């Protein structure tokens with residue numbers, strides 16, 4: 001989970017990002033959507049990024065508090081489907097799901113939603129991603145992300161790119177920083193990426209948040225037991241200030 005405070009023009013925004021493991025606990029295999037919903041409501045963010053979310057789970061999580069949402073269906077199977085979702089208290093004016101799949105057996109995507117905070121402000125671009133397990137696939141997926149952002153998002157617009165990068169070798173930053181001018185929040189704050197997987201003994205640095213148009217002020221992992229038993233990923237919390 002990543003929380004971002006955007007401060008500017010009397011506007012504060014909180015954003016969370018979290019891989020929810022399809023709403024099933026890693027240790028008991030029991031449904032976890034209800035406790036996830038309770039914890040999200042306690043945090044009460046303005047915008048939520050979710051990965052590995054099934055079908056109508058995002059509508060259940062969004063009910064009452066987040067009236068605007070977008071969903072990118074990535075994987076379809078006999079019992080349903082899952083993908084990425086963005087929940088928002090602000091109207092989403094446009095959404096697009098970009099297919100990042102490199103093969104028929106591993107379906108991945110980039111969900112791009114645009115939020116207009118105030119009429120006089122430039123749009124805020126929210127991008128929720130879940131990359132593949134194989135390095136060669138991730139390299140191609142990252143290039144597709146760079147190409148998409150370069151083609152459709154003006155350089156003066158602020159953006160947040162967050163999610164599960166599955167970046168075992170920590171290679172994603174080079175292309176995102178060098179070609180797009182992005183920063184990774186936890187790296188900037190601590191000099192390294194956050195260890196977020198597996199939840200029971202975090203060793204791998206998989207979950208990230210990259211940004212443009214913000215200043216990073218602090219970043220830390222949320223290691224509370226309440227969160228750690230709900231998914232196989234550790235949530236992250238990051239505070240950013242709008243330039």
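General remarks:
- Filter pass, residue 169 being out of contact with any strand residue (DSSP E or B) (no Cβ under 9 Å at 6 or more places or on another chain) and assigned to a loop (DSSP other than H, G, I, E, B): yes
- Flag for residue 152 being modelled with pLDDT of 95 or more and closer than 23 Å to residue 243 by Cα: yes
Quick grid of which residues meet (1) touching a strand residue (DSSP E or B) at 6+ places or on another chain (Cβ under 8 Å); (2) surrounded by fewer than 17 Cβ atoms within 10 Å (Cβ to Cβ); (3) farther than 19 Å from residue 213 by Cα:
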{"site": "89", "(1), (2), (3)": "yes, no, yes"}
{"site": "92", "(1), (2), (3)": "yes, no, yes"}
{"site": "96", "(1), (2), (3)": "yes, yes, yes"}
{"site": "101", "(1), (2), (3)": "yes, yes, yes"}
{"site": "104", "(1), (2), (3)": "no, yes, yes"}
{"site": "109", "(1), (2), (3)": "yes, no, yes"}
{"site": "112", "(1), (2), (3)": "yes, no, no"}
{"site": "117", "(1), (2), (3)": "yes, no, no"}
{"site": "120", "(1), (2), (3)": "no, yes, no"}
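- Residue tally, condition under 18 Å from residue 20 (Cβ atoms), part of a strand (DSSP E or B) and modelled with pLDDT of 90 or more, over segment 187-212: 4
- Among the numbered conditions (1) touching a helix residue (DSSP H, G or I) at 6+ places or on another chain (Cβ under 9 Å); (2) in contact (Cβ under 8 Å) with a residue 24 or more places away in the chain; (3) under 23 Å from residue 16 (Cα atoms), the only one that residue 169 does not meet is (3).
- Selection count where residues are in a helix (DSSP H, G or I) and in contact with a helix residue (DSSP H, G or I) (Cβ under 6 Å, 6 or more places away or on another chain), scope segment 126-148: 2
- The set of residues in segment 213-234 that are touching a helix residue (DSSP H, G or I) at 6+ places or on another chain (Cβ under 7 Å) and either modelled with pLDDT under 85 or not in a loop (DSSP other than H, G, I, E, B) (or both) comprises 216, 218, 219, 226, 227.
- Elements of type strands (runs of 3 or more DSSP E) contained in segment 1-112, each with 3 or more residues being more than 13 Å from the chain's Cα centre (by Cα): 68-77, 80-88, 92-99
The values are calculated or read from the model by the stated rules, or taken from the named source; none is laboratory data. These numbers were taken from a predicted model, which means no experiment stands behind them. Glycine also receives a Cβ, built like all others from the backbone with ideal geometry; neighbour counts cover every protein chain displayed.
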